[in-house]
Amino acid sequence: MRVILIGGGETIETIYFLSRLFARRGYRVTVVNPYPDEARMLSRQVKATVIAGDGSDPAVLEEAGARRADVVLSLTSQDPDNLVACQVAQRLYSVPRTMALVNDPDNEQIFRQLGITEVFSATRVIGSLIEEQTVFDEIVHLFPAAEGQLHVSELVLDEEAPAAGKSLAELAMPKDSLVAAIIRDGQVIVPRGQDRLQVADRLILIAVPENQEEIFCLLTGKGA
Amino acid sequence: MQPHQYVIIIGCGRLGSMLANQLSSLGSSVVVIDREESAFGNLSTEFSGFLVTGDAAELDVLRRARIDQADCLLAITQYDNVNLMVAQVAQTIFQVPKVIARVYHPEREGVYGQFGIETICPTRLSAEALLSAVGNQPEAKQS
């Protein structure tokens, strides 16, 4: 696999670690870095061909071996530079896979419409991690049991939880799942069907992994 | 160019401000976008168009300039890649009828010419003008 990595300046760390990772996997890596000082330093540190130049310049890309490259990955901090580098690689040198970093998440959709095969937005990835975290912050995954066939987890019912006030019998929990215990005011209750859940209850759940999402959603009203 | 057009000019440097002044005095509605507010100082006092401060590579900035209603967009910042990106967004996403990007780099101009983006390359135009001024037109060589 021949990979061309474009970037430097603000993204120099990413370029360094990626080129090291790719080189270890046995890929043939060429780095195009616009700053001669950085390029010189990189060429000493990583097993890659390093070219100092503008990655959106057709002549520089050709020198970097774009005609035979499998992937061009453009990771500069300027979205227009990433777009043009990928388009030149694709259109002029027929590089099969072009991947671009977008710094402005609004550009993700635009880059796809303009023909970049793979687009990723660091802002969006980190943003969605945090969102996921907050949707389910009342859930703690305790441990897998029976070689991962069962999951034990714990969650707290807040004021918006639709399960609060209902009995377990009314809840219609999915198959292969169980509210194993309720922890209320420091007391452990092993519930039966007629026991009602309350706000601030901590529930210990046992379920098969495929049903977990559904159960969290049924109990907390969030996610899915 | 016909008068009463709605024209967006990206980049208010020497060329951008000159075009904006002239188009505005010919009766077009002109919006000028530049990242630097100080760039608008290049416009003449008679300029009657609108100014938008911001990076035209951001969708929101183009929307603020009401790009969906534009008849024409001229992308003439000093950065080739910004011009090429904005021109493509204008043409592909907002279907602006007339879009031109200034591209200094002749090779890059060639690539985008093939893919339906209208470009103007000052480097090539100057080279041609200079060659013809010194009596060395490329066309004349073949005969």
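The values are calculated or read from the model by the stated rules, or taken from the named source; none is laboratory data. As the structure is a prediction and not an experimental result, all values here were calculated from the model. All Cβ positions, glycine included, derive from the backbone under ideal geometry; neighbour counts span all protein chains shown.
Some points to look at:
- Residue B:74 vs. criteria within 15 Å of the chain's Cα centre (by Cα), within 23 Å of residue A:79 (Cβ to Cβ) and surrounded by 15 or more Cβ atoms within 10 Å (Cβ to Cβ): yes
- Residue B:79 vs. criteria within 21 Å of residue B:16 (Cα to Cα) and among the hydroxyl-bearing types (Ser, Thr, Tyr): yes
- Restricted to the stretch B:83-100, and to residues there that are surrounded by fewer than 24 Cβ atoms within 10 Å (Cβ to Cβ) and within 8 Å of chain A (Cβ to nearest Cβ), the residue that is nearest to residue B:68 (Cα to Cα) is B:93.
- Conditions (1) within 13 Å of another protein chain (Cβ to nearest Cβ); (2) farther than 19 Å from residue A:59 by Cβ; number of the one not met by residue B:105: (2)
- Residue check for residue B:118: loosely packed, with under 14 Cβ neighbours inside 10 Å, under 22 Å from residue A:81 (Cβ atoms) and either among the polar types (S, T, N, Q) or more than 11 Å from chain A (Cβ to nearest Cβ) (or both): yes
- Helices (runs of 4 or more DSSP H) completely within the stretch A:1-98 that count 2 or more residues being in contact (Cβ under 8 Å) with a residue 40 or more places away in the chain: A:12-24, A:79-93
- In this structure, residue A:45 does not qualify as surrounded by 18 or more Cβ atoms within 10 Å (Cβ to Cβ) and assigned by TED's automatic domain parsing to the domain that holds residue A:113.
- Residue count for the stretch A:30-83 under the criterion of being acidic (Asp, Glu) and more than 23 Å from residue A:115 (Cα to Cα): the result is 3.
- Scanning the stretch A:178-224 for residues that are out of contact with any strand residue (DSSP E or B) (no Cβ under 8 Å at 6 or more places or on another chain) and in a loop (DSSP other than H, G, I, E, B) gives A:185, A:186, A:192, A:199, A:221, A:222, A:223, A:224.
- Looking across the stretch B:11-63, the residues that are surrounded by 14 or more Cβ atoms within 10 Å (Cβ to Cβ), within 14 Å of another protein chain (Cβ to nearest Cβ) and in a helix (DSSP H, G or I) come down to B:59, B:61, B:62.
- For residue A:30, the requirement of being under 18 Å from residue A:70 (Cβ atoms), polar (S, T, N, Q) and crowded, with 17+ Cβ neighbours inside 10 Å is met.
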